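Note sheet for the following structure.
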Amino acid sequence: MVRNSVLALFLIAIGATVADAQTVQTDPLQCWWRTSTGAVRVGEPFTVVLTCAVLETDEVTVVPDQTRLEPSVVQFAPFEVLGGSHGADLRSDQRRFFQYEYRLRLIADGMFGKDVALPDTKISYRVQSKVGQKTSLQGRDQTYVMPAQSMRILSLVPADASDIRDTSASDTFGDIDQRAFRANLFTIVGSVLFVLAALMTILGLVRLFQKYRKPTVARKQLIADSAILNGVSRELSRVQHDRDSGGWTPELASRAIGALRIAATYAIDRPVSQMPASRLLADGSESAEPGRLVLKAGWPRGKRIAVSGAVTPQTVARHIARPGQTPAVIALLESISTAIAAFTAAAFNREGKLDDSALDEGLATAKQVTRKMKIQQLWIMKRLAARRALTPLESRVWSR
């Protein structure tokens, strides 16, 4: 008897569970509310979200009427609809979920301290059943009533208040002092930036004035001075290598004097000659005339630039005769003049007798001059030289 009773209860429980499962699976439409808060003040906006799940299977499809749920159409009296949105639908197994978000508020003077419920919301839907592969039956119109949802309306003022007070502002003396400090800090930073901008403007105007005030010599800079001196240094190194390999020749002396004249041009503060190298050999390679040094400028497809100097012993002698030359500069210029004379004599020598010691000394002088000119072409050295040149000029001006 006991065993039969237990078995009967077990069968009843299983039947109830299966029935519940079938009821859940076959519910055509389920909806629920969700609010952003449980209590609001009068006029305070809040959010209400409506979420619904409709049944969609291979045999049955539920078609709800969503036109009355749009934020621009729906009404929730006594609440005012401020706006809303409709999110994208989601699908999960046999359910399709759709959701609407509404922004509401309540403006009324008799709802303080009460629970105000959202009005009854009804959703109409139909159930479509498929019969065969291409045939479906349209069911009758049915209505789903949304569950109740209430909001607690808070009072704006306490019961013992004699007047209406604005409680939204919470500024204290400390807040005011902090804001004043930030305002003063921003004022100081703005003033500093304004002064810097004014200084930069004045500096730009001064440079613009100097550009048009100071007479300049038209000079087309095809290659940087540092690149030219680096090329001269490489050429002198190749001359040294060829001299060590086979001794001095008139052609080698001609190459050396061309490089020396370029370095000497910088030594007497004159511009070197620059022009595109356009002379081609029979095999298509570029070459330079005697006395010119071909260098590559630009990236990635560099152009070939021919560089040369026009310094002679007479030019150096006139530069030595200028007033204000220091003994070190005079000694350097004299060694340049001697080296140019030695290389010139060797380049035009037709007897085959060359003074190797004089040429070696001239090559050493050329390397020394090139090193010094490379140092003088540094940015910091140019600035110092310009400052030293400006100081005597200012002294002469003030002495007048």
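Partners of K296 within straight-line reach, counting lysines whose Cα lies under 28 Å from its Cα and excluding those fewer than 8 residues away in the same chain: K220, K367, K372, K374, K382.
For the peptides 80-88, 370-378, 230-238, the ranking by packing is 230-238, 370-378, 80-88, with the highest mean count of neighbouring Cβ atoms within 10 Å listed first. For the range 185-197, 3J(HN,Hα) computed residue by residue from phi via the Karplus equation (6.51, -1.76, 1.60; θ = phi - 60°) reads 5, 5, 5, 5, 4, x, 5, 4, 5, 5, 5, 4, 4 Hz, glycine and proline entered as x. Residues whose amide H falls under 5 Å from that of S155, counting only those 5 or more places apart or on a different chain, are G113, with hydrogens built in the peptide plane. The C-alpha radius of gyration of the range 24-154, expressed as a fraction of 2.2 N^0.38 Å, stands at 1.23. Averaged over residues, the count of other Cβ atoms within 10 Å places the peptides 189-195, 260-266, 71-77 in the sequence 260-266, 71-77, 189-195, highest first. Per-residue packing, averaged as other Cβ atoms within 10 Å, sorts the ranges 304-316, 111-123, 94-106 into the order 304-316, 94-106, 111-123, beginning with the highest.
Once backbone amide H atoms are built at 1.01 Å from N, R95 has E56 as its partners under 5 Å, excluding neighbours fewer than 5 places away on the same chain. The range 241-280 and the range 23-102 have Cα centres separated by 90 Å.
Where a number appears in this text, it was derived from the coordinates with a stated rule and is not lab data. Here the structure is a predicted model, which means the values were calculated and not measured. Positions of Cβ are backbone-derived with ideal geometry, glycine not excepted, and every protein chain shown enters the neighbour counts.
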